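The values are calculated or read from the model by the stated rules, or taken from the named source; none is laboratory data. Note that this is a predicted model, so its numbers are computed, not measured. No Cβ is skipped: glycine too gets one built from the backbone with ideal geometry, and neighbour counts run over all protein chains shown.
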Amino acid sequence: MSPWSATLALSVCMTAALQAAGQAPEPARQGELRHMLQQDCGSCHGLTFKGGLGPPLLASSLSGKPAEFLVQTILDGRPGTAMPPWRPLISETDARWMVEQLQSGEATK
């Protein structure tokens, strides 16, 4: 196994372990994800998350929606809509953290 393959395998294992433990992303990553919510998600869902091309992402709009459904929507997109899959750019842990921010209303503060 090449050093690159070993490093990649270790990284994948560590990411899976962190996801299984339900840990939040590191603070620096949280900042990147906040920026992504505002700029990337906000470009379709409205900069204030009140809706636009995509539906509103306000805590009140997301109440009653299972977090797992929202995580999968972020990761895999919505076929037949403008919602793209973000899995190539973010991890499941990242998506879970983003959903928590949206459902708690923290993303709009």
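Listed by position, the helices (runs of 4 or more DSSP H) contained in region 1-58 that have at least 2 residues being under 18 Å from residue 94 (Cα atoms) and at pLDDT 95 or above are 27-36. Each residue in region 73-92 was checked for being outside any loop (DSSP other than H, G, I, E, B) and buried (at least 17 other Cβ atoms within 10 Å of the Cβ), and 4 of them qualify. The single condition from (1) over 13 Å from the mean Cα position of the chain (by Cα); (2) farther than 22 Å from residue 29 by Cβ; (3) not β-branched (Val, Ile, Thr) that residue 105 fails is (2). Taking region 38-72 as the range and being surrounded by 17 or more Cβ atoms within 10 Å (Cβ to Cβ) and either in contact with a His (Cβ under 8 Å, 6 or more places away or on another chain) or aromatic (Phe, Trp, Tyr) (or both) as the test, the residues that pass are 49, 54, 57.
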